[in-house]
Amino acid sequence: MSAELDALIDIVVTGKIKEAAPATQKCLDAGNDAKTIIFEGLSKAMAIVGDYYASKKYFLPQVLLSANTLYQGLNLVLPLLKGKGAGTQKGTVVITVVEGDVHDIGKNIVKAMLTGLGLNVIDLGKDTPIKDIIASAKENKAEIIAESTLMTPTLEGMKETVKILKEEGMTGKTKLMIGGGATSQEFASQIGADGWSYDAVEASKVAQKFLGI
Amino acid sequence: MAMTPRERVLAAMRKEQLDRPPVAVFTQSATIGQMEALNVFWPEAHSNPQMMAKLGSGQADVLGFEAVRASFCLTAEAERLGCVVDPGKKDRTPMIKKHPFKFDPMVGEYDEPALMDPEEFLKGGRPATVIEAVKLMKEQRGKDYAVIAGNTGPFTLAGHMVSTENLVFGIMMAPEEVTKWLKAVAPICKGYTQALADAGADIIQMSEPSASTDLLSPDMFDEFAGGYCKDSLATVKGAYSVLHICGNTTPILNNMVATGVTGLSIEEKVDPKEGVRIVKKRAALIGNIGVVNPLLQGTPEDCYKHGKIVKEAGFDVVAPGCGLSALISNENLLALVKAVKE
């Protein structure tokens with residue numbers, strides 16, 4: 001572990017947003033490749049942020065700050081990683097808030113945690129029709145669909161996702177994880193979703209389990 | 001002589017010892033069961049005072065709860081101030097589709113909070129509809145039932161204007177810009193609270209979901225939410241004040257009490273006994289039956305059981321912990337009412 005990586009980790013954890021890009025550049029200059037910076041630096045930083053969140057040392061404002069700091073670094077190294085071809089990222093996730101709901105803060109935090117894991121995260125935003133989610137998962141050969149909702153009428157959309165995945169022969173190949181205020185483990189089991197998580201830290205663990213990483 | 005539901009609810013606001021607590025919905029109360037029984041539906045009832053008054057009385061008329069309440073959403077103020085709102089459907093509350101102001105902590109660009117005058121705010125749009133509905137409810141049902149009027153808290157409303165995520169992120173990046181927005185919306189919230197009381201509401205229940213510990217850290221509560229709730233809700237004249245915050249409010253119950261409101265409306269994520277222990281009768285406690293579980297997804301037996309638990313824990317009003325999902329069945333709500341009344 002280089003001193004530059006340690007410094008980058010600290011910057012992301014403490015949310016020194018303006019220092020993230022220069023610190024990432026320093027890591028590159030010191031000879032670290034993009035993959036090392038992501039997996040040995042940024043991922044570790046987000047794991048620490050996740051631990052702080054779980055232990056209530058951090059709340060959403062601090063996590064948002066760290067997430068935005070993370071993206072400053074990722075903006076520099078992700079293009080380099082993509083140039084290296086397949087196999088450099090550990091999996092693809094299509095993430096969104098289902099149709100009928102616009103509450104997307106939780107989804108954005110899950111996105112940051114999954115991005116921090118080094119996954120290719122495709123964000124469809126909010127209020128997304130189920131057919132668009134499935135189409136994107138197909139097109140991008142996603143291993144995971146992550147759906148969120150805070151509202152109750154939109155729970156139906158999650159049920160519909162399970163149904164369409166089955167019809168399309170995607171069950172098992174593309175795993176569905178769900179979360180958000182209106183969901184629960186019981187609901188996930190009842191509709192046949194592959195996973196449920198209470199918050200972004202758990203979501204990151206569920207995704208790692210699905211991908212075997 | 002037996003107490004009327006009105007007397008019971010108002011006595012509960014004063015934290016009087018009662019033979020049993022009242023059971024009432026202090027948050028969004030309409031369900032499809034009530035809409036069908038009364039032949040009044042969403043989305044029309046959001047913008048028609050007669051329909052709003054009728055459906056808002058449904059919790060009492062159809063299900064036997066002990067209060068009446070308007071309105072059914074947290075978008076009336078935001079829409080009046082320029083947000084684009086999707087009116088929703090029969091089973092879905094309206095939602096905000098577009099925030100009218102730019103507030104971007106990442107690039108450091110912030111619109112000035114150019115909002116309408118608080119007096120002007122009350123004269124049109126759905127806030128005027130709600131005020132009219134409250135007048136009708138007071139006239140029609142006020143003898144027997146306490147009339148509850150719901151509105152939106154300053155931090156939540158400011159979030160509607162500029163995007164809640166940006167506002168929360170702004171606390172970390174440019175707190176003075178956040179404060180500027182809170183100071184701009186607070187007089188509007190305060191004016192609306194008083195107008196609802198003047199229209200005849202006995203209780204103003206302000207929802208401030210964005211001040212939940214899911215969004216704000218507890219040490220930020222006083223500065224960015226509590227102080228403004230104190231000013232725009234607790235100071236109301238001629239009505240009781242109830243502050244509703246979602247999520248696990250255990251770490252901020254003392255801060256909520258410190259706003260000086262009459263009552264706190266809280267969710268099931270707070271353990272009922274612990275909530276009662278922390279609040280220690282410094283405010284009336286209202287809640288905290290889970291809306292998703294047991295009310296939406298549980299059985300009538302589950303709802304009955306939870307009703308008993310909250311009643312025995314010592315809540316001043318047994319109530320759903322958050323706004324009802326329109327999809328909750330009559331059977332489940334009737335079981336809750338029965339658990340408290342018997």
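Read-outs throughout are calculated quantities, based only on the coordinates presented, and are distinct from any laboratory measurement. Note that the coordinates shown come from a computational prediction; the quantities given were computed from them, not determined experimentally. Here Cβ is always computed from backbone atoms with ideal geometry, including for glycine, and neighbour counts include all displayed protein chains.
When the C-alpha to C-alpha distance is required to be over 18 Å, the pairs from B:Lys15/B:Lys54; A:Lys90/A:Lys173; A:Lys44/A:Lys205; A:Lys111/A:Lys205 that qualify are B:Lys15/B:Lys54.
The residue among B:Tyr192, B:Asn166, B:Met220 whose Cα reaches farthest toward the positive pole of the charge dipole of chain B, with charges on the beta-carbon of Lys, Arg, Asp and Glu, is B:Tyr192.
Using the Cβ-Cβ distance between B:Thr235 and A:Ser2 with R0 set to 51 Å, the FRET efficiency works out to roughly 0.35.
Of B:Arg282, B:Arg92, the sequence from fewest to most neighbouring Cβ atoms within 10 angstrom is B:Arg282, B:Arg92. Pairs of C-alpha atoms in chain A farther apart than 24 Å represent 41 percent of all such pairs. For the peptide A:165-178, the mean number of other protein chain Cβ atoms found within 10 angstrom of a residue's Cβ is 0.
Note that segment B:1-54 shows a convex hull volume over its alpha carbon atoms of 120 Å³ per residue. All other residues whose Cβ lies under 10 angstrom from that of B:Ala313 are scored, Lys and Arg at +1 and Asp and Glu at -1, for a net of +1. Rounded to whole numbers, the Karplus 3J(HN,Hα) couplings from phi for segment A:188-193 are 4, 5, 4, 8, x, 6 Hz, using 6.51 cos²θ - 1.76 cosθ + 1.60 with θ = phi - 60°, and x at Gly and Pro. Between the alpha-carbon centres of segment A:145-210 and segment B:174-201 there is a gap of 38 Å. Can you compute the label reach from A:Lys209? Point 7 Å from Cα along the Cβ direction, backbone N cut-off under 19 Å, restricted to segment A:89-109. Flagged as within label range: A:91-94. Looking at segment B:5-341, the DSSP beta bridges with both ends there are about 20 percent antiparallel. Each peptide in B:176-186, B:49-59 gets a packing score, the mean of other Cβ atoms within 10 Å over its residues, and the list from highest to lowest is B:49-59, B:176-186. Seen from B:Asp86, the other residues with C-beta closer than 14 Å to its C-beta sum to a net charge of +2, counting Lys and Arg as +1 and Asp and Glu as -1.
Between A:Glu139 and B:Val84, the simple label model (points 7 Å from Cα in the Cβ direction) yields a spacing of 2.2 nm. Please list the three semi-axes, largest first and in whole Å, of the ellipsoid equivalent to segment A:3-82, using sqrt of 5 times the eigenvalues of its alpha carbon gyration tensor. One finds semi-axes of 21, 11, 11 Å for segment A:3-82. Comparing A:Gly157, A:Leu114, A:Ile133 along the charge dipole axis of chain A, the residue lying farthest to the positive side is A:Leu114, per the Cβ-charge model.
Rg and Dmax, both from the Cα atoms of segment B:205-274 and both in Å, are 11.2, 33. Across B:Ala70, B:Ala326, B:Ala114, mean-square fluctuation computed from a Gaussian network of chain B (C-alpha pairs under 10 Å connected) peaks at B:Ala114.
Counting only Cβ charges, +1 for Lys and Arg and -1 for Asp and Glu, the dipole size of chain B around its Cα centre is about 960 debye. Taking a sphere under 12 Å around the Cβ of A:Asp104 and counting the other residues whose Cβ falls inside, with K and R at +1 and D and E at -1, yields a net charge of -2. For A:Thr115, B:Thr152, the sequence from fewest to most other C-beta atoms within 10 Å is A:Thr115, B:Thr152.
Per-residue Karplus couplings for segment B:11-22, computed as 6.51 cos²θ - 1.76 cosθ + 1.60 with θ equal to phi - 60°, are listed in order as 5, 5, 5, 8, 6, 6, 5, 10, 5, 7, x, x Hz, Gly and Pro entered as x. Size descriptors for segment B:175-332: radius of gyration and Dmax over Cα atoms are 16.0, 50 Å. Taking the 0 to 90 degree range and rounding to the nearest ten, how far is the long axis of helix A:20-29 tilted relative to the main principal axis of chain A, both from C-alpha atoms? With rounding to tens, the tilt is 60 degrees. Extents of segment B:239-342, taken as max minus min of Cα coordinates on every principal axis and listed largest first, are 37, 27, 26 Å. Across the protein assembly as shown, Cα-Cα pairs farther apart than 34 Å form 40% of the total.
The angle between the Cα long axis of helix B:330-341 and the longest principal axis of the Cα atoms of chain B comes to about 70 degrees, rounded to the nearest 10. The order of B:Ser71, B:Ser329, going from fewest to most other C-beta atoms within 10 Å of their C-beta, is B:Ser329, B:Ser71. Between B:Glu312 and B:Asn248, the FRET efficiency from the beta-carbon distance, with R0 = 25 Å, is close to 0.75. For chain B, the fraction of C-alpha pairs farther apart than 25 angstrom is 47 percent. Summing Cβ point charges (Lys, Arg +1; Asp, Glu -1) relative to the Cα centre of segment A:92-211 gives a dipole of roughly 360 debye.
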